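Remarks on the structure that follows.
The values are calculated or read from the model by the stated rules, or taken from the named source; none is laboratory data. What you see is a predicted model; the values in this text were computed from it and never measured. Cβ coordinates were reconstructed from backbone atoms using ideal geometry, including for glycine residues, and neighbour counts include every protein chain displayed.
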Amino acid sequence: MVTRVATVAFEGIEARAVDVQVQVTPGGVAFILVGLPDKAVGESKERVRAALIASGLALPAKRITVNLAPADLPKEGSHYDLPIALGVMAAIGAIPADALAGYTVLGELALDGSISPVAGVLPAAIAAYARGQGLICPAASGPEAAWAAQDLDILAPRSLIQLANHFKGTQVMARPQPSVARQAGALPDLSDIKGQESAKRVLEIAAAGGHNLLMNGPINP
């Protein structure tokens with residue numbers, strides 16, 4: 001039996017559909033990932049393995065094959081962790097097999113089973129809504145995804161355990177509300193730039209007068 005989970009691959013700001021196919025079969029113990037993955041995607045096997053163990057699940061002593069289709073589309077980034085992990089969980093019966101139907105999934109896994117934020121959640125949410133699907137994304141990215149559409153079904157768990165409990169009905173997650181991300185730390189300041197006095201003077205005059213600037217060509221550090 002093959003378990004399928006929908007996710008996306010990014011080409012610029014376009015989110016193209018990717019089908020994560022997971023199959024668990026008897027045979028030599030192995031975890032095989034195919035479908036033109038880059039280094040970050042290839043390393044997801046170890047993050048998925050550790051996150052499942054931290055969540056109280058052990059991978060079966062069987063052959064696990066994960067195919068990212070279409071196979072000729074390059075796959076980049078760590079956001080494939082969560083759909084791969086959920087596909088494996090569905091394949092071994094840890095969550096209902098039909099729980100993921102109708103959802104696009106993306107998120108990075110930490111070794112303790114928590115789900116870390118990833119880039120591209122808003123384009124993924126817009127693409128999911130256009131395909132008539134909901135979205136499963138990290139909790140920290142939920143407010144960003146909520147801007148896509150008011151009636152978009154969004155699940156934004158903090159961990160694999162929280163999401164599994166939601167599917168089992170023992171814990172219900174509320175839909176995140178749209179909000180603007182807070183700026184972390186102090187913003188860059190012109191005083192941080194060493195040299196370039198003429199260029200900084202132009203920027204200061206333009207800012208003081210409320211003027212626009214046309215930046216043409218590279219500026220040497």
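Considering the conditions (1) within 19 Å of Ala127 (Cβ to Cβ); (2) in contact (Cβ under 8 Å) with a residue 40 or more places away in the chain; (3) of a type in the set (A, V, I, L, M); (4) not in a helix (DSSP H, G or I), Ala99 is excluded by exactly one of them, (1).
Matching residues to (1) within 23 Å of Ala130 (Cα to Cα); (2) among the aliphatic types (A, V, I, L, M); (3) modelled with pLDDT of 95 or more:
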| position | (1), (2), (3) |
| --- | --- |
| Ser78 | no, no, yes |
| Ala85 | no, yes, yes |
| Ala90 | no, yes, yes |
| Pro96 | no, no, no |
| Thr104 | yes, no, yes |
| Glu108 | no, no, yes |
| Leu111 | no, yes, yes |
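Considering only segment 121-151, state which residues are touching a residue at least 60 places away in the same chain (Cβ under 8 Å), buried (at least 19 other Cβ atoms within 10 Å of the Cβ) and in a loop (DSSP other than H, G, I, E, B). Of everything in segment 121-151, just one residue is touching a residue at least 60 places away in the same chain (Cβ under 8 Å), buried (at least 19 other Cβ atoms within 10 Å of the Cβ) and in a loop (DSSP other than H, G, I, E, B), namely Gln133.
The single condition among (1) within 26 Å of Gly12 (Cα to Cα); (2) surrounded by 14 or more Cβ atoms within 10 Å (Cβ to Cβ) that Gln196 does not meet is (1).
Quick check on segment 62-83. Is at least one of its residues of a type in the set (S, T, N, Q), surrounded by 14 or more Cβ atoms within 10 Å (Cβ to Cβ) and touching a residue at least 60 places away in the same chain (Cβ under 8 Å)? Within segment 62-83, not a single residue is of a type in the set (S, T, N, Q), surrounded by 14 or more Cβ atoms within 10 Å (Cβ to Cβ) and touching a residue at least 60 places away in the same chain (Cβ under 8 Å). Candidates in segment 96-120 are the residues that are touching a His at 6+ places or on another chain (Cβ under 8 Å) and within 20 Å of Leu52 (Cβ to Cβ); of these, the one that is surrounded by the most Cβ atoms within 10 Å (Cβ to Cβ) is Leu106.
Highlighted here are the strands (runs of 3 or more DSSP E) found entirely within segment 1-65 that include at least 2 residues which are within 15 Å of the chain's Cα centre (by Cα): 2-11, 14-25. For Ala30, the stated conditions do not hold, so it cannot be described as under 25 Å from Ala94 (Cα atoms) and in contact with a helix residue (DSSP H, G or I) (Cβ under 8 Å, 6 or more places away or on another chain).
Among the residues of segment 103-118, those identified as in contact (Cβ under 8 Å) with a residue 40 or more places away in the chain and either more than 21 Å from Gln177 (Cβ to Cβ) or not in a loop (DSSP other than H, G, I, E, B) (or both) are Tyr103, Thr104, Val105, Glu108, Leu109, Ala110, Leu111, Asp112, Gly113, Ser114, Ile115.
With respect to Val5, is the statement that it is farther than 18 Å from Gly107 by Cα and either among the β-branched types (Val, Ile, Thr) or at pLDDT 95 or above (or both) true? No; evaluated as a whole, the condition is false for this residue. For Lys200, are the conditions met, namely being closer than 30 Å to Ala17 by Cβ, modelled with pLDDT under 95 and not aromatic (Phe, Trp, Tyr)? No. Ala186 meets each of the listed conditions (1) part of a helix (DSSP H, G or I); (2) free of Cβ contacts under 8 Å to residues at least 60 places away in the same chain apart from (1).
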